[in-house]
Amino acid sequence: MTVKEFFLKLKAKVLDIEAKKLVCILNEKDAKDLGIIALERIQIVNQKNKKSIHAVVDTTQSIVKNGELGLFKDVAKALKAKNGTILNAGAQARPKSISYIKAKLDRKKLSEQQIKEIVQDISTNRLSDVETTAFVTSVYTNGFDLKETVAMTKALAQSGQKISFTTSKKVVDKHSVGGTNGRTTLVIVPIIASSGLLIPKTSSRTITSASGTADAMEVLAPVNLSIWQIKKITQKIGGAIAWGGAVDLAPVDDKIIKIEHPLSLDPHGQVIASVMAKKFSAGAKYVLIDLPVGPEMKVKTLKQAKIMSKKFAAVGKELGIKVKTVTTKANSPSGKAFGPALEAKYALEVLEGKFFDNFAEKCIKLSGELLELAGAQKRGKGYNAALQMLESGMALQKMRQIIKAQGGRTFSSSQIKSAPFKKTFFAQKNGKIKQIHVRKCTSIARASGAPTDKKAGLFLKVENSGTVIKGQPIFEIYAQNQQKLLVAAAIAKQLNPIEIK
């Protein structure tokens, strides 16, 4: 009898712990009988309903008795098990995909089948967080070539569901590779939806910045929408802005993003696969990719941008999606806000026509490009069409419709409040602003509590290349408590995010 065929019959003991992952606890004696140690995997089968999962094991001498299997709430829910449910538990052989991950760490290329097996094993929890982290690290260190990127995109897309629209209207989407501030999506989606195109925008939460699009939109309305809700709202209104992690669109990608987040890892090959898998799953046929380029961005140079542009186009072709990439300079901040509430308020103020700055200009430019890409406007006419929809108030009205449809109640920028504790920094001398460092501003905003504390962040009081006089306010930090404010202020003094010459 092989190890894989040997099962123990155990009674379920549901533990009041939610881990957001599939974890169980074995008594050390039962673990020894199964021949496994902590962090290895077992297969668990509910004898009554035949539901089966793979889970990572921890061991104990006291939490569960011999003959019991401790189930975290996530596992109990997946198995539909309760206290006393009879379960079969068996050790699982080491997945073959681990050898493929090691090969990638050794700088070897992976085949389409190997990548597919890795994604399948992540999907079914046959790989532990440690092993998945090793895979993410291997891609971050050694990269994906074009074939690997295409293979990863297909595997991610096949791991979840797909939205199919019952309409003749064109479905479009956009994505910014990110690294900068300013939630352009909150302005672009209502503009595009006003044009008659459909834009079901599924967005991520931030990995490295002070706010992701989903983080900022959540200030205005719920973003945990189902596939059915996204489809219904988009077909009725023209657009939706939802969190991609709440739906089963390329779910393995969301597991990988959770691994990337703590270490701020965002490898380019994985970024391309992640973005295109989500766009394919959302039913988009026309996709605009914004590549902010700058020394402090995820894309550092124009050379990198050109390589990524070719890969995006090639992957799109494989998936039947028409892709256009737009390279934007990101040597300075996109607007003045850093943090979910501050960035959401800033976007609404643009829609309300309160100002028109470099952030608003970028939104109009990208909207125009997307309108032309989808054939909604002739070449060279997209910018003016997008500007007219902003200036006429059509985009603002559409955004309010989207917010209402998603269950939100924040329809005006005046409704958005900042965190209660604030510290203002002042210019120490007269001069001209040489540089506003995006990464430093982001670090300060994150230290203040953003994006977890949605009302926390940093707000600039000056613009790049402007002049200042001694004693003039140059930026403000907002935090939910005095301690976080002190920490962020200390980091701000150390980093000096605004250079004045």
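The values are calculated or read from the model by the stated rules, or taken from the named source; none is laboratory data. Everything quoted here is computed from the prediction, not taken from an experiment. Note that we place each Cβ from the backbone using ideal geometry, even for glycine, and neighbour counts take in every protein chain shown.
Looking across the range 66-90, just one residue is within 10 Å of Ile25 (Cα to Cα) and not in a strand (DSSP E or B), and that is Phe72.
Only one of the listed residues (Leu39, Leu8, Leu110) is buried (at least 17 other Cβ atoms within 10 Å of the Cβ) and touching a strand residue (DSSP E or B) at 6+ places or on another chain (Cβ under 8 Å). That residue is Leu8. Here Lys65 passes the criteria (1) surrounded by 21 or more Cβ atoms within 10 Å (Cβ to Cβ); (2) out of contact with any Gly (no Cβ under 7 Å at 6 or more places or on another chain) except the one numbered (1).
Mind checking which residues of the range 136-162 are closer than 26 Å to Lys231 by Cα and at pLDDT 90 or above? Even if it seems obvious, please write down each step before you answer.
First, pick out the residues of the range 136-162 that are closer than 26 Å to Lys231 by Cα: 152-162.
Listed by number, the residues that qualify are Met152, Thr153, Lys154, Ala155, Leu156.
Give Gln388, Gln406, Gln397 a once-over and let me know the one that is more than 26 Å from Val293 (Cα to Cα) and either in contact with a helix residue (DSSP H, G or I) (Cβ under 7 Å, 6 or more places away or on another chain) or acidic (Asp, Glu) (or both).
Numbers: Gln388 fails: either in contact with a helix residue (DSSP H, G or I) (Cβ under 7 Å, 6 or more places away or on another chain) or acidic (Asp, Glu) (or both); Gln397 fails: either in contact with a helix residue (DSSP H, G or I) (Cβ under 7 Å, 6 or more places away or on another chain) or acidic (Asp, Glu) (or both).
Just one listed residue meets the conditions, Gln406.
Only one of the numbered conditions (1) assigned to a helix (DSSP H, G or I); (2) over 19 Å from the mean Cα position of the chain (by Cα); (3) among the aromatic types (Phe, Trp, Tyr) is violated by Phe135, and that is (2).
Taken over the range 446-472, the criterion of being surrounded by 14 or more Cβ atoms within 10 Å (Cβ to Cβ) and outside any loop (DSSP other than H, G, I, E, B) is satisfied by Arg446, Ala447, Gly457, Leu458, Phe459, Leu460, Val468.
When Pro222 is tested against (1) part of a helix (DSSP H, G or I); (2) modelled with pLDDT of 95 or more; (3) closer than 28 Å to Leu22 by Cβ; (4) not hydrophobic (A, V, I, L, M, F, W, C), only condition (1) is not met. When each of Thr124, Thr132 is tested for being touching a residue at least 40 places away in the same chain (Cβ under 8 Å), among the β-branched types (Val, Ile, Thr) and touching a strand residue (DSSP E or B) at 6+ places or on another chain (Cβ under 7 Å), the lone residue that passes is Thr124. May I ask you to list the residues in the range 182-212 that are in a loop (DSSP other than H, G, I, E, B) and modelled with pLDDT of 90 or more? Across the range 182-212, the qualifying residues are Gly182, Arg183, Thr184, Ser195, Gly196, Leu197, Ala210, Ser211, Gly212. Checking the structure you have, find out if any residue of the range 399-406 is modelled with pLDDT under 95 and within 21 Å of the chain's Cα centre (by Cα). Scanning the range 399-406 turns up no residue that is modelled with pLDDT under 95 and within 21 Å of the chain's Cα centre (by Cα). If we scan the range 273-283, do we find a residue that is basic (Lys, Arg), surrounded by fewer than 21 Cβ atoms within 10 Å (Cβ to Cβ) and part of a helix (DSSP H, G or I)? No, there is no match, as no residue in the range 273-283 is basic (Lys, Arg), surrounded by fewer than 21 Cβ atoms within 10 Å (Cβ to Cβ) and part of a helix (DSSP H, G or I). For Glu117, the stated conditions hold: it is among the acidic types (Asp, Glu), crowded, with 16+ Cβ neighbours inside 10 Å, in contact with a Phe, Trp or Tyr (Cβ under 9 Å, 6 or more places away or on another chain) and not in a loop (DSSP other than H, G, I, E, B). Scanning the range 382-422 for residues that are crowded, with 16+ Cβ neighbours inside 10 Å and in a loop (DSSP other than H, G, I, E, B) gives Gln406, Gly408, Thr410, Phe411, Ile416, Ser418, Ala419.
Reported count of residues in the range 473-501, each being outside any helix (DSSP H, G or I), modelled with pLDDT of 95 or more, among the aliphatic types (A, V, I, L, M) and surrounded by fewer than 22 Cβ atoms within 10 Å (Cβ to Cβ), is 1.
Which residues, taken from the range 49-65, are in a strand (DSSP E or B) and free of Cβ contacts under 8 Å to residues at least 60 places away in the same chain? Don't jump to the end; show me each part of the working.
Quick first cut of the range 49-65, residues in a strand (DSSP E or B) only: 52-60.
Answer for the range 49-65, where residues must be in a strand (DSSP E or B) and free of Cβ contacts under 8 Å to residues at least 60 places away in the same chain: Ser52, Val57, Asp58, Thr59, Thr60.
Total residues in the range 296-353 satisfying the condition of being out of contact with any strand residue (DSSP E or B) (no Cβ under 9 Å at 6 or more places or on another chain), part of a loop (DSSP other than H, G, I, E, B) and more than 30 Å from Lys398 (Cβ to Cβ): the figure is 1. Based on what the data block shows, is Thr132 hydroxyl-bearing (Ser, Thr, Tyr), out of contact with any Cys (no Cβ under 9 Å at 6 or more places or on another chain) and surrounded by fewer than 20 Cβ atoms within 10 Å (Cβ to Cβ)? Answer is no for this residue.
Scanning the range 315-330 for residues being surrounded by fewer than 16 Cβ atoms within 10 Å (Cβ to Cβ) and not charged (D, E, K, R) gives a total of 1. Can Pro222 be described as touching a Lys or Arg at 6+ places or on another chain (Cβ under 8 Å) and assigned by TED's automatic domain parsing to the domain that holds Asp357? Taking the combined requirement at face value, the residue does not satisfy it.
Within the range 83-93, is even one residue within 30 Å of Gln113 (Cα to Cα), surrounded by fewer than 20 Cβ atoms within 10 Å (Cβ to Cβ) and touching a strand residue (DSSP E or B) at 6+ places or on another chain (Cβ under 7 Å)? The answer is yes; a qualifying residue exists.
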